[in-house]
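**Student:** Dumping the structure here so I can ask a few things about it.
The values are calculated or read from the model by the stated rules, or taken from the named source; none is laboratory data. What you are looking at is a predicted structure, and each value in this text was computed from that prediction instead of being measured. Counting neighbours? That spans all protein chains shown, and the Cβs are built from the backbone with ideal geometry, glycine included.
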Amino acid sequence: MNAMDSDPHGIRAFEHASWQRVAADYGDTFAAATRGFIEPLLDAAGVIAQTRVLDMCCGPGLVAAAAAARGAIAAGVDFSSAMLKIARAAQPRIEFSQGDAEALPHADGCFDAVVANFGVHHVPRPTAALAQMRRVLVPGGRAAFTTWPRPDRNVPWQLLFDAIRAHGALDAAKTPPSGGTISSEESCRAALAEAGFDDIGVALIQGTWAVASVHDLLAAFRNGTARTAALIDAQDAAALPAIAAHMAQHAERYRRGAELQIPIAGIVAWGRKQESSNQE
C-alpha cells in the first residue's frame with residue numbers, strides 16, 4: 001500500500017498517539033540511537049552561525065539545541081504537545097511551535113535551512129512534508145532529513161525482527177500502514193526531486209548504538225518508535241522472554257566490555273531550493 005492509497009487521518013492519529021505516549025521516556029531511551037546523526041544532518045543542511053534553521057518533527061528539541069550550539073537561530077515544530085513541553089523546558093530560549101509537518105505554521109521563505117531527524121517517514125505523506133520544507137526556505141536554502149534503511153539493512157531491527165520471526169508473530173500488530181516508503185538512498189532522492197529540490201545528495205551514515213543489554217534495546221524500541229513499539233506490545237506475553245533471549249544470543253557478538261556496541265545505519269538526504277526568479 002502506498003501513501004496515496006492509505007488513510008492519512010488514521011496514520012496521523014496513530015503517530016500522534018504514539019509520540020504523546022513515549023515523550024517522557026524518549027530522551028533516556030531511543031534518543032541514544034538518533035543522536036549520532038544530528039551533526040551529519042546539520043552539516044548536510046549547511047547550518048552554521050546565524051543560519052535561520054527550523055527543526056521539523058523536532059520531538060524534544062535535540063536537533064534545535066545542537067543547531068543553537070553552532071550559533072544558529074533555531075526554531076522547532078512538532079505536532080505532539082507532550083514532546084513540545086519537554087523541548088520548551090529544556091531549551092527555553094528556542095521558539096517551539098505546534099503544527100503539522102504537512103502544513104507548517106510558518107511563512108514562505110523564512111528559513112535558510114530546514115532539517116528533520118528521523119521524522120519525515122512518520123508523516124502520512126512524506127513528499128508533502130518535503131514540499132513544506134521547501135516552501136518555508138529562502139531561495140538557495142537547504143533542507144536535509146534522516147531516515148532509517150530497511151530493517152534487513154539495519155542491525156538493531158534485524159535482531160528484533162529475527163527474534164519475533166522465530167518466537168512470535170511479525171503480523172501481530174494491527175497498525176495503519178506507513179505513509180510512505182522512504183527507506184533507501186534511491187527513494188530519498190526521488191522524494192526530494194518530486195518535492196522540487198535541486199542539487200540533491202544522499203549518504204549512508206554508519207554509527208554505533210551502545211546499550212547495556214538487549215533489555216535496554218527493547219525498552220528503547222518501546223519508548224521511541226511507533227510501529228516497532230506496537231509490534232513488540234502485540235506479542236504474546238509468554239513469548240517475550242524467548243524473544244529477548246534470542247536477541248541476547250545474537251547480540252553478544254557486539255559486546256565490548258560492559259556494553260553492547262550495536263552497528264546502526266541512517267540515511268542522510270539533502271537538497272537545495274532553486275534561486276531562480278520563478279519560484280512559486
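One line per residue, one yes/no per condition, for (1) in contact with a strand residue (DSSP E or B) (Cβ under 6 Å, 6 or more places away or on another chain); (2) among the aliphatic types (A, V, I, L, M); (3) surrounded by 16 or more Cβ atoms within 10 Å (Cβ to Cβ); (4) at pLDDT 95 or above:
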site	(1), (2), (3), (4)
Cys188	yes, no, yes, yes
Asp199	yes, no, no, yes
Ala248	no, yes, yes, yes
Gln261	yes, no, no, yes
Ile264	yes, yes, yes, yes
Val268	yes, yes, yes, yes
Gly271	yes, no, yes, yes
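**Student:** Now a separate question. What tally of residues in the range 234-280 results from selecting those that are out of contact with any Ser or Thr (no Cβ under 8 Å at 6 or more places or on another chain) and assigned to a strand (DSSP E or B)?
**Tutor:** 7
**Student:** Could you tell me whether any residue of the range 77-96 is buried (at least 16 other Cβ atoms within 10 Å of the Cβ), farther than 18 Å from Tyr26 by Cβ and within 20 Å of the chain's Cα centre (by Cα)?
**Tutor:** No; the residues of the range 77-96 include none that is buried (at least 16 other Cβ atoms within 10 Å of the Cβ), farther than 18 Å from Tyr26 by Cβ and within 20 Å of the chain's Cα centre (by Cα).
**Student:** Can you name the condition, by its number, that Arg35 falls short on among (1) closer than 17 Å to Asp78 by Cα; (2) among the charged types (D, E, K, R); (3) surrounded by fewer than 23 Cβ atoms within 10 Å (Cβ to Cβ)?
**Tutor:** Failing condition for Arg35: (1).
**Student:** Another question, if that's okay. For the structure I just gave you, tell me whether Arg142 is touching a strand residue (DSSP E or B) at 6+ places or on another chain (Cβ under 8 Å), at pLDDT 95 or above, over 30 Å from Ala245 (Cα atoms) and basic (Lys, Arg).
**Tutor:** For Arg142, the condition - touching a strand residue (DSSP E or B) at 6+ places or on another chain (Cβ under 8 Å), at pLDDT 95 or above, over 30 Å from Ala245 (Cα atoms) and basic (Lys, Arg) - is met.
**Student:** Here is a further query. Identify all residues within the range 110-146 that are buried (at least 24 other Cβ atoms within 10 Å of the Cβ), among the aliphatic types (A, V, I, L, M) and touching an Asp or Glu at 6+ places or on another chain (Cβ under 7 Å); write none if there are none.
**Tutor:** Selection gives Val115, Val123, Ala129.
**Student:** Inspect all residues belonging to the range 212-223 and state whether any of them is part of a loop (DSSP other than H, G, I, E, B) and surrounded by fewer than 16 Cβ atoms within 10 Å (Cβ to Cβ).
**Tutor:** Yes.
**Student:** Would you check which residues across the range 152-183 are modelled with pLDDT under 95 and closer than 22 Å to Ala269 by Cβ and list them?
**Tutor:** Asp152, Arg153, Pro177, Ser178, Gly179, Gly180, Thr181, Ile182, Ser183
**Student:** Go through (1) touching a helix residue (DSSP H, G or I) at 6+ places or on another chain (Cβ under 6 Å); (2) within 30 Å of Arg255 (Cα to Cα); (3) at pLDDT below 95 and name the single condition His122 misses.
**Tutor:** Failing condition for His122: (2).
**Student:** One residue is enough: does the range 57-79 have a residue meeting the conditions under 22 Å from Ala210 (Cβ atoms) and among the β-branched types (Val, Ile, Thr)?
**Tutor:** Yes: one or more hits.
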